[in-house]
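**Q** Pasting in a structure now, in structure tokens, and then I'll have a few things to ask.
Just so it is clear, none of the values below were taken in a lab; they were calculated from the coordinates. Note that this is a predicted model, so its numbers are computed, not measured. Backbone-built Cβ (ideal geometry, glycine too); neighbour counts: all protein chains shown.
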């Protein structure tokens, strides 16, 4: 049931389930987040491989990024947009938190999403073909593992609301299992370089967690999504750098 909760939360795959999962149940399903990410990665790699027979590489990269957004229901991108809107000038923490809960997206959010998608597109399009497919497989794993780490490592900004319940559902053994899965996938796809990128993503997630904690007084479900998206972008940049240096 935990796996189905993770699948329903992270993807748009239609499931034969009428019930809704509580925030605590979703937090408890976090140990399966990298597994769901791996399934998404295989889907992206298969799609990219098939499209590669009929379309040029840059267009394939664009369509694959669009497919990732569609497969996730843009939930993490939505989190990035609202988190960016909450980073307003000299507003109080309470005001920033209130802004992140607004269903409307402001100019900061739109710019953040556009910049991130452009960065992903350029970085993915710069990769050599052999590395391109392997990156697609483990990229969603890294992003979703970053969410698990951030959930466990940082306090919730809203202890008595859904964010706090999500946080309370996440357990240390879930982080342990998720980390083992992520490291295994990273090593299988890119060897030692994959482990290095995973450690880089850990550093990025840690710094982002500190930043959001300072701005909002803690993390929220919104900021978990932002960390997922930014961790994926950072991983792509690191992989592109390794490839450019001839180390991947």
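**Q** Can you give me the angle between helix 57-71 and the longest principal axis of the chain, using Cα atoms only, in degrees from 0 to 90, rounded to the nearest 10?
**A** 30 degrees
**Q** I want to check the label-to-label distance for residue 50 and residue 247. Put each point 7 Å from Cα in the C-beta direction and report it in nm to one decimal.
**A** A separation of 3.6 nm, rounded to one decimal place.
**Q** Counting other C-beta atoms within 10 Å, which of 49, 145 has the fewest, and how do the rest follow?
**A** Taking fewest neighbouring Cβ atoms as first place, the list is 49, 145.
**Q** If each residue of separation counts as 0.36 nm, what is the full-extension length gain between residue 103 and residue 162 once their alpha-carbon separation is subtracted?
**A** Gain in length upon complete extension: 19.7 nm.
**Q** Also, I was wondering about something else. If you fit an axis through the alpha-carbon atoms of helix 129-153 and take the longest principal axis of the Cα set of the chain, what angle between them do you get, 0 to 90°, nearest 10?
**A** For helix 129-153, the angle is close to 20 degrees.
**Q** How far, in degrees from 0 to 90, does helix 107-125 lean away from the longest principal axis of the Cα atoms of the chain, to the nearest 10?
**A** Taking the Cα atoms of the chain, the angle to 107-125 is about 20 degrees.
**Q** With contacts defined as alpha carbon pairs under 8 Å and 6 or more residues apart, what's the relative contact order of the chain in percent?
**A** 30 percent
**Q** Tell me, 103, 167, 8 in order of fewest to most beta-carbon neighbours within 10 Å?
**A** Sorted ascending by nearby Cβ count, the order is 103, 8, 167.
**Q** How far apart, in nanometres, would the label points at residue 62 and residue 153 be if each is projected 7 angstrom from Cα along the Cα-to-Cβ direction?
**A** Between residue 62 and residue 153, the label points sit 3.5 nm apart.
**Q** Taking the beta-carbon count within 10 Å as an exposure proxy, list 166, 206 from fewest neighbours to most.
**A** In order of increasing Cβ crowding within 10 Å: 206, 166.
**Q** Let a ≥ b ≥ c be the square roots of the eigenvalues of the Cα gyration tensor of the stretch 100-233; is it rounded (a/c under 1.5), or, if not, prolate (a/b larger than b/c) or oblate?
**A** oblate
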